[in-house]
1. Counting only residues that are crowded, with 16+ Cβ neighbours inside 10 Å and under 20 Å from R78 (Cβ atoms), how many does the stretch 107-124 have?
2. Give, as residue ranges, the strands (runs of 3 or more DSSP E) completely inside the stretch 92-181 that count at least 3 residues that are under 30 Å from the mean Cα position of the chain (by Cα).
3. Would you pick out the residues in the stretch 79-99 that are among the acidic types (D, E) and more than 17 Å from D132 (Cα to Cα)?
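Just so it is clear, none of the values below were taken in a lab; they were calculated from the coordinates. Here the structure is a predicted model, which means the values were calculated and not measured. Please note: Cβ atoms are built from the backbone with ideal geometry, for glycine as well, and neighbour counts cover all protein chains shown.
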Amino acid sequence: MADQADDLGIPTKLVRPTPRPTEPPGVTDVSRPSMTPIPASPPMPNLPPLGAQPAQAALSPRQRTDQPAGRDNMVEPRKLIVGQGISLSGEINSCDRLVVEGRVQANLQNCQSMTISETGLFDGNAAIDDADVHGRFEGDLVVRKRLMIRASGHVSGTITYGEIEIEAGGRIAGSIQAPST
C-alpha cells in the first residue's frame, strides 16, 4: 500500500514539454518531457459585449449646460420656421416669431414678428408687430410697429404700418397707409 500513489483529487500544475536545444523550435520530443510549468494567462479585462450601449448616453443639446446659448443650442419658444422648399397653407395663430423660407399661404394673427427670407413668399393676410422682408409679401399686411423692407424685398397689396424703412432696391406697391397720429 505504501507503494501506491494516493489520488486525493488535488489539482496540480499542468506542464508542457519544451523543445530540447538540439531540436528546431516548435518541435518537442514527448518521449522526454521537461517539467516547465505553463505560464498563467493574464486576466481578461471586464469589457461590455459588442454592440452594448455605453453606461452614460450623450446629452442632447437641450440637456447640455456647458454650451453657450446660441441659435443652434437654444430653441426659441413659440417660433415657427417654414423651411426652404416647404409650402404651408391655413391659419396661423399665436406665434411669437414666424420665419418664412418657403411658401406660406395663410391668415396670420396674434404674432409678434415675421421674417421673410430671400427664398420666402408669404401670400395672405398678416397682422403683426414687426416685419422684416427679404423675400416677397403679397396680400394685406398690418404692421403695428416697424416694417423693414430689405434690398431684395418686395411687398405688394394693402399695407398699413407704424414705421417703415426701405433699403435701396426694396420695392413696395399697392395701397399704403401710415397710421394717423
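1. 10
2. Correct list: 97-100, 103-116, 121-133.
3. If the condition is that a residue be among the acidic types (D, E) and more than 17 Å from D132 (Cα to Cα), then E91 is the only one that fits.
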